[in-house]
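Here the structure comes first, spelled out in structure tokens, and everything after it is commentary.
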Amino acid sequence: MNWFTKLPGFQRTPAGRERTVLRLLPRVLLLGTLALGLPSLFARLYAFLAPELASATLILTVDIYGISLVFLHWTLLMMVGIAAFIVMVMKGPAYVADAYPLNESDEPDDGDRRTR
């Protein structure tokens, strides 16, 4: 039994922008996460260089905003990756399902059936 019978005569659609997006995702994930972590690093550096001007609430606020933006960034990249993967799969080869014999009668059988 062949589970994956390709549809005969189907022409594959050439790869498009979805492959480029999927290749860029790891780089964008890493660089975006590092870029969104920089404000927290700068806030701590500012507190180290000028301790009389920095406060704990400033560092905490910057950290909370940074963490929330990192999670937003990851979520958006995950959604873009799922969408690009779906497009890539849909452009792939078409497969034929198993044959299913269909009774093409317009009226039901008058056979001896019991109804409940």
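The values are calculated or read from the model by the stated rules, or taken from the named source; none is laboratory data. Just so it is clear, the structure is predicted and the values come from calculations on it, not from any experiment. Neighbour counts are summed over all protein chains in view; Cβ atoms, including those assigned to glycine, are modelled from backbone coordinates with ideal geometry.
Some points to look at:
- All positions within segment 1-35 that are in contact with a Phe, Trp or Tyr (Cβ under 8 Å, 6 or more places away or on another chain) and among the polar types (S, T, N, Q): THR5, THR33
- Selection status of SER68, touching a helix residue (DSSP H, G or I) at 6+ places or on another chain (Cβ under 9 Å), surrounded by 11 or more Cβ atoms within 10 Å (Cβ to Cβ), hydroxyl-bearing (Ser, Thr, Tyr) and farther than 20 Å from LYS91 by Cα: no
- Within segment 43-64, being among the hydrophobic types (A, V, I, L, M, F, W, C) and exposed (fewer than 11 other Cβ atoms within 10 Å of the Cβ) holds for PHE48, LEU49, ALA50, LEU53, ALA56.
- Among (1) loosely packed, with under 12 Cβ neighbours inside 10 Å; (2) basic (Lys, Arg); (3) modelled with pLDDT of 85 or more, the one test that ARG114 misses: (3)
- Residue within segment 90-100 that is more than 30 Å from PHE4 (Cβ to Cβ) and either part of a loop (DSSP other than H, G, I, E, B) or aromatic (Phe, Trp, Tyr) (or both) present: no
- Selection of segment 30-88 for residues being small (Gly, Ala, Ser) and either at pLDDT 95 or above or within 30 Å of ARG19 (Cα to Cα) (or both) yields GLY32, ALA35, GLY37, GLY66, SER68, GLY81, ALA83, ALA84.
- Taking the conditions (1) over 26 Å from the mean Cα position of the chain (by Cα); (2) under 16 Å from LEU77 (Cβ atoms) in turn, PRO51 satisfies each one other than (2).
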